[in-house]
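Chemist: Sharing a structure below in structure tokens format, with a few things to ask.
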Amino acid sequence: MKVTLSKYAGFCPGVRRADITVRRLISERKDGELIFTLGHLIHNRLYNEELKALGVDSIDISDVDKLVPPKVKTTVVIRTHGIPSDDAKKLFSYAERFPLFNVVDLTCIDVKKIHRIAEENTSEDTCFVLFSEKEHPEAVGIMSHAKGEKYAVSSLEEFKSLSFEKKLLILCSQTTQNLLEFEKIKNFSQKLYTNAKIYDTICSVTENRQNEAVKLAKQSDLMIVVGGKDSSNTRRLFELCHEACPDTLHIESVDDLKTDFPDSAKSAGLTAGASTPDGIITEVLKVMEEIKNADFSEMLEDSLKTLHTGETVTGTVFTISDNEIKLDLGAKFTGVLTKEQITDDPAAKLSEMFKVGDEIEVFVIRVEDGKGLATVSKKRVDADNSWVVLKEAYESGEILEGKVVAQNKGGVVVSAKNNSVFVPASQTGIAKGGDLSVLVGTEQRIKLIEFDEAKKKALGSIKVILNEEKKAREEAVWATLEVGQHFMGTVKNLTPYGAFVDIGGVDGMVHNTELSWKRIKHPSQIVSVGQVIDVFIKELDVEKKRISLGYKTQEMDTWYQFTQKFNVGDVVPAKIVSIMPWGAFAEVYEDVDGLIHISRISTERINSPADVLKVGDVVDVKITEIDDDNRKLALSIRALKEEEEKAAREAARAEEEAARAAEEAAEAERIAQERADMAPYIVGSI
């Protein structure tokens, strides 16, 4: 067999520079010194395992803070893909502050060129578009340097869906992207946006590697692409080569040749990604040349097996886009797995659900021999597998978690364990006639209440779980209840005879007689639904699950309030509220009435209280008796009048006495004056 090695296979200049630099750092490292790479230096598992064995660990930016202040010389290497601008600022600020902290920037010069383009050409008036794998570290780093509106797109279709709102378009590409696809995007953008700034930023080495690989693939019966499964540029090589030569395999090392390498007998091409070490390429080339044709034929029979509709096979992810995944099915067919055949969730992101290298079991829907494609479904396999899970859940009573994906007239549909479970309206927990649409899009827990294996039909219930949880909460509360406990409860509903109050998981009733000291016709006179009130347990029947609550307190009793403020002998204003033949009732305080007996109304004899009083009159009364036991008051208007009359008599008597005293004083003064006037004459006569 003739094996041809592409002249552009293996390390690109940027990766080779990084490899040489790190190996120099390792050779110059003194005992105790530390070397780290921020993320894997290159996307090649075997190479990174070798670095780890040499004492160079890969860390995240979140780990850097733990390294400072360093106690020994510590070197952090920035990988070829570059890093976000904020991460770079943090690293170099540490290097300035701590002499033992060293940063070695090995970002590829072509990547740095895109950083400068983004920084110097973007603003609030531009729209920066990067053709890339959105989550690729190189793309993440580039996007951090762009200002204003910015997007990462992975295909022409994605680019067409964008709207720039008359902003200036700045278009670049990740250095390792598909050259042909980028050309399509460029051509489309030039037609629609005549003033767009377009930069050809696909690395020239990448461009040459892709062109040479495609050319070699077209000339070969077999094509081998060597490189890491998580390497972007290697995956791109595989896709391009696979289009040119259906018998193309992606391997990481010579070990994969034992099971994955097919032989078409005549010729084979060999290329490798930019992150593939020379040693791995040489080893693969050597083994390929040594394998005998008989061995190839045997592997060919195993590797190029024919797919059939209805088969269930396992494929390995080699590309991921927003709408589909492509799988290596271990044959001459590429599996096409669309988003619709993976999930019912329109918001799901395939790049978050899967990564390159993942193995997925799929059902073959259709085979297109001429194109080397097979349409496959993961949902079909998941449904078959999960039906067994549903059966086990039904038998064990397990609670399942799922998302409500639809509503219909009879209930809602929950996607659980990759199967659709119908929940009747009566089992949703929504009140009869309520709006079931509020459940759509929410995560719910369900328990299967019916299961028909023959019809593959399952009925679930949300309500049964809610009821079980409510019961458990109630039991927990009941275990702690005691007579006399106080709660801030919420009024749930009102009945003619009282109010039901939630005291934290269980309900108790406050009877009308406990809501007020006065007689009421309906609890709404005192409380309302939703109101929070202070209640206490009066009686407790655990067996019958009944709680009698109290609400009224002595402080709420208007009689109590009255007796705390007034005493016998106090004079208070009173409003006449009713008149009887034997007396009148008067309100002296809110809801506190007293009796003014007919004999205590006037100092004069009257035939009826109505002779001198009428309802609504406000008069001053004297409290003559407080019967606390029977809650009765005796009031008197007459006592006040008698006191007034007595006071008047006493005042008149005092006035008379004062007048008499004044007369006597005047008379005494007159006599004294007369004596004083006569004094001279009396002395002379002697």
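Chemist: Within segment 348-368, which residues are in contact (Cβ under 8 Å) with a residue 24 or more places away in the chain and of a type in the set (D, E)?
Modeler: D358, E359, E361
Chemist: Suppose we filter K456, K447, K379, K463 for residues that are under 30 Å from L329 (Cα atoms), among the basic types (K, R), surrounded by 16 or more Cβ atoms within 10 Å (Cβ to Cβ) and in contact with a helix residue (DSSP H, G or I) (Cβ under 9 Å, 6 or more places away or on another chain); which single one remains?
Modeler: Within the list K456, K447, K379, K463, the selection yields K379.
Chemist: Then there is this: What is the number of the single condition among (1) surrounded by fewer than 20 Cβ atoms within 10 Å (Cβ to Cβ); (2) over 26 Å from the mean Cα position of the chain (by Cα); (3) over 18 Å from E450 (Cβ atoms); (4) of a type outside the set (F, W, Y) that A374 does not meet?
Modeler: (1)
Chemist: Restricting to segment 558-601, what's the tally of residues that are surrounded by fewer than 16 Cβ atoms within 10 Å (Cβ to Cβ), assigned to a loop (DSSP other than H, G, I, E, B) and of a type outside the set (V, I, T)?
Modeler: So the count comes out to 7.
Chemist: Taking into account only those residues within segment 496-519 that are assigned to a loop (DSSP other than H, G, I, E, B) and at pLDDT below 85, which is surrounded by the fewest Cβ atoms within 10 Å (Cβ to Cβ)?
Modeler: If we take residues in segment 496-519 being assigned to a loop (DSSP other than H, G, I, E, B) and at pLDDT below 85, then R519 is surrounded by the fewest Cβ atoms within 10 Å (Cβ to Cβ).
Chemist: Tell me, which strands (runs of 3 or more DSSP E) wholly within segment 408-482 include 2 or more residues that are acidic (D, E)?
Modeler: In segment 408-482, 443-452 are the strands (runs of 3 or more DSSP E) which contain 2 or more residues that are acidic (D, E).
Chemist: Quick one: count up the residues across segment 1-58 that are out of contact with any Lys or Arg (no Cβ under 8 Å at 6 or more places or on another chain), in contact (Cβ under 8 Å) with a residue 60 or more places away in the chain and loosely packed, with under 13 Cβ neighbours inside 10 Å.
Modeler: Final tally of qualifying residues: 1.
Chemist: Here's another thing I want to ask about it. Go through segment 602-626 residue by residue and tally those that are over 21 Å from F566 (Cβ atoms) and either surrounded by 15 or more Cβ atoms within 10 Å (Cβ to Cβ) or out of contact with any strand residue (DSSP E or B) (no Cβ under 6 Å at 6 or more places or on another chain) (or both).
Modeler: Within segment 602-626, residues that are over 21 Å from F566 (Cβ atoms) and either surrounded by 15 or more Cβ atoms within 10 Å (Cβ to Cβ) or out of contact with any strand residue (DSSP E or B) (no Cβ under 6 Å at 6 or more places or on another chain) (or both) number 13.
Chemist: Of the residues N419, N408, which is of a type outside the set (F, W, Y) and without any contact (Cβ under 8 Å) to a residue 24 or more places away in the chain?
Modeler: Only one candidate qualifies: N408.
Chemist: Can you tell me which residue in segment 522-551 is modelled with the highest pLDDT, limited to those that are part of a loop (DSSP other than H, G, I, E, B) and within 12 Å of G498 (Cβ to Cβ)?
Modeler: Going through the qualifying residues, I end up with H522.
Chemist: Among the candidates L180, L192, which residue alone is free of Cβ contacts under 8 Å to residues at least 24 places away in the same chain and exposed (fewer than 14 other Cβ atoms within 10 Å of the Cβ)?
Modeler: Among L180, L192, only L192 is free of Cβ contacts under 8 Å to residues at least 24 places away in the same chain and exposed (fewer than 14 other Cβ atoms within 10 Å of the Cβ).
Chemist: Among the residues of segment 59-69, what is the count of those that are part of a helix (DSSP H, G or I) and surrounded by fewer than 13 Cβ atoms within 10 Å (Cβ to Cβ)?
Modeler: Matching residues across segment 59-69 total 3.
Chemist: Got a sec? Which of V3, V103, V72, V77 is more than 30 Å from L130 (Cβ to Cβ), among the hydrophobic types (A, V, I, L, M, F, W, C) and either modelled with pLDDT of 95 or more or in a loop (DSSP other than H, G, I, E, B) (or both)?
Modeler: V72
Chemist: Then there is this: If I ask for residues that are assigned to a helix (DSSP H, G or I), of a type outside the set (A, V, I, L, M, F, W, C) and surrounded by 14 or more Cβ atoms within 10 Å (Cβ to Cβ), which ones from segment 113-138 would you list?
Modeler: Selection gives K113, H115, N121, P137, E138.
Chemist: Also, quick follow-up: Let me spell it out: the conditions are (1) among the acidic types (D, E); (2) buried (at least 22 other Cβ atoms within 10 Å of the Cβ); (3) not in a helix (DSSP H, G or I), and E165 meets all of them except one. Which number is the exception?
Modeler: In the conditions (1) among the acidic types (D, E); (2) buried (at least 22 other Cβ atoms within 10 Å of the Cβ); (3) not in a helix (DSSP H, G or I), E165 misses (2) alone.
Chemist: Could you please find all residues in segment 80-100 being surrounded by 20 or more Cβ atoms within 10 Å (Cβ to Cβ) and in a loop (DSSP other than H, G, I, E, B)?
Modeler: Residues satisfying the conditions are T80, H81, G82, I83.
Chemist: Now, a different point. Quick check on E359: is it closer than 27 Å to H242 by Cα, surrounded by fewer than 16 Cβ atoms within 10 Å (Cβ to Cβ) and modelled with pLDDT of 85 or more?
Modeler: yes
Chemist: Any idea which of (1) in contact (Cβ under 8 Å) with a residue 24 or more places away in the chain; (2) over 30 Å from K447 (Cα atoms) is the one T513 doesn't satisfy?
Modeler: Going through the list (1) in contact (Cβ under 8 Å) with a residue 24 or more places away in the chain; (2) over 30 Å from K447 (Cα atoms), T513 breaks only (1).
Chemist: If I61 passes every condition in (1) outside the structural domain of I185 (by TED's automatic domain parsing); (2) out of contact with any Asp or Glu (no Cβ under 6 Å at 6 or more places or on another chain); (3) over 23 Å from P13 (Cα atoms); (4) of a type in the set (A, V, I, L, M) but one, which one does it miss?
Modeler: (2)
Chemist: Still on this structure: Quickly run through segment 453-472 and pick out the residues that are of a type in the set (K, R) and more than 15 Å from G429 (Cβ to Cβ).
Modeler: K455, K456, K457, listed by residue number.
Chemist: While we're here: May I ask you to say which residue of T282, T306 is at pLDDT below 80, surrounded by fewer than 20 Cβ atoms within 10 Å (Cβ to Cβ) and over 20 Å from T4 (Cβ atoms)?
Modeler: When all the criteria are applied, what remains is T306.
Chemist: Note down all Cβ pairs under 8 Å where the first residue falls in segment 316-339 and is modelled with pLDDT under 80, the second is part of a loop (DSSP other than H, G, I, E, B) and β-branched (V, I, T), and they're at least six residues apart or on different chains.
Modeler: Note: pairs meeting the criteria are F318/V356; T319/V356; A331/T306.
The values are calculated or read from the model by the stated rules, or taken from the named source; none is laboratory data. What you see is a predicted model, and the numbers here were worked out from it, not measured in a lab. No Cβ is skipped: glycine too gets one built from the backbone with ideal geometry, and neighbour counts run over all protein chains shown.
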